[in-house]
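The structure appears below as structure tokens.
The values are calculated or read from the model by the stated rules, or taken from the named source; none is laboratory data. What you are looking at is a predicted structure, and each value in this text was computed from that prediction instead of being measured. Note: ideal-geometry Cβ built from the backbone for every residue, glycine included; neighbour counts use all protein chains shown. When the accessible area is computed, the model is the full protein with side chains, heavy atoms only, and any ligands, DNA or RNA have been set aside. Shrake-Rupley method; radii C 1.70, N 1.55, O 1.52, S 1.80 Å.
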Amino acid sequence: MTAVESPFTHTAAGDLGCQRETMLSNELLLRTELGKTKRRGYAQPGFPNEGFVYGRPNEARYGGATDALHGWPSTLSSTTLPFHRREKKSDRDFMALNKAAVQTGLVTAQENYEFRATHDVRKRASGDDDTKVRTRRVPPTMVFGISTRPSTPIFDLLEHKYQDKCAQSLRRNPNAVYETRASLLRTYQNPVDPAPLWQLPKFTKSAKPSLQTFRSENARRSAYANFETDKISRRGNMGHGVYESAKN
């Protein structure tokens, strides 16, 4: 028979020294056991007995490779998939409760409250009308995922189809010049406002109109802006004529 090892063996006092229960919870007095992790002196349920397991227990999960090969257990679900369907409790049908209360002769709020406490009517779920299990039938030609990129036309590349197509277009227009982006940027010029027409200096600097019909410069600009918008639907070259009807 093997002797039962005392919990005070791996303490500073040992088996022969003074033994107190507080030594087992004092980290400074505990000694490391060979081949085991160091104890921290915390009191745990079941200590010092062996077999105490920390953490939460694992829930039973179905649907492994073994179950897939032997068939899903029939106790899991009525379907062929191992998924539990949570039964959702339907809401109370207050319209039916009110109708039943009125038919009974209860009309006051207190009577309706007492009637609802003793009677319960639930709304019918959307799937209660059809008792049969509906299964979605997927067509055999249906493909899931992202469509693959079309393959490169190797045969067209080997027979120089694109080169012949470009040569034929050049033969139709031998004088055509094809511009590239670099050539277009090289010949591009920034737009410049045209120079104003020549006028005598006395008309450009000191000449002013004798009559000012606008109260301010902002009023004049606003009037001209409204005129530019309004002359689109008027007759005449300057947009001073009558309004034209809409044209289809």
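Numbers for the structure displayed
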{"item": "Sole residue being in contact with a Ser or Thr (Cβ under 9 Å, 6 or more places away or on another chain), at negative phi and at pLDDT 70 or above, chosen from PHE115, PHE155, PHE144", "result": "PHE115"}
{"item": "Within the stretch 12-31, considering residues that are surrounded by 10 or more Cβ atoms within 10 Å (Cβ to Cβ) and acidic (Asp, Glu), the one nearest to the chain's Cα centre (by Cα)", "result": "GLU27"}
{"item": "Scan of the stretch 158-173 for residues that are modelled with pLDDT under 85 and part of a loop (DSSP other than H, G, I, E, B), ordered by number", "result": "ASN173"}
{"item": "The stretch 180-195, residues that are in a loop (DSSP other than H, G, I, E, B) and open to solvent by 100 Å² or more (accessible area, probe 1.4 Å)", "result": "TYR188, GLN189, ASN190, PRO191, VAL192, ASP193, PRO194"}
{"item": "Condition met for ALA68 (of a type in the set (A, V, I, L, M, F, W, C), at pLDDT below 80 and open to solvent by 80 Å² or more (accessible area, probe 1.4 Å))", "result": "no"}
{"item": "Members of the stretch 87-125 found to be open to solvent by 70 Å² or more (accessible area, probe 1.4 Å), part of a helix (DSSP H, G or I) and not polar (S, T, N, Q), listed by number", "result": "PHE94, MET95, LYS99, VAL102, ALA109, TYR113, GLU114, ARG116, ALA117"}
{"item": "Subset of the stretch 228-244 (residues that are open to solvent by 70 Å² or more (accessible area, probe 1.4 Å) and either touching a residue at least 60 places away in the same chain (Cβ under 8 Å) or part of a strand (DSSP E or B) (or both))", "result": "TYR243"}
{"item": "Number of positions in the stretch 8-31 that are β-branched (Val, Ile, Thr) and touching an Asp or Glu at 6+ places or on another chain (Cβ under 7 Å)", "result": "1"}
{"item": "Residues (open to solvent by 90 Å² or more (accessible area, probe 1.4 Å) and not in a helix (DSSP H, G or I)) located in the stretch 196-219", "result": "PRO196, LEU197, TRP198, GLN199, LYS208, SER210, LEU211, GLN212, THR213, ARG215"}
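So that you can scan it fast, the table gives a plain yes or no per residue for (1) in contact with a His (Cβ under 7 Å, 6 or more places away or on another chain); (2) open to solvent by 80 Å² or more (accessible area, probe 1.4 Å); (3) outside any helix (DSSP H, G or I); (4) under 30 Å from GLY239 (Cβ atoms):
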{"residue": "PRO139", "(1), (2), (3), (4)": "no, no, yes, no"}
{"residue": "VAL143", "(1), (2), (3), (4)": "no, yes, yes, no"}
{"residue": "ASN175", "(1), (2), (3), (4)": "no, yes, yes, no"}
{"residue": "ALA223", "(1), (2), (3), (4)": "no, no, no, yes"}
{"residue": "ASN226", "(1), (2), (3), (4)": "no, yes, no, yes"}
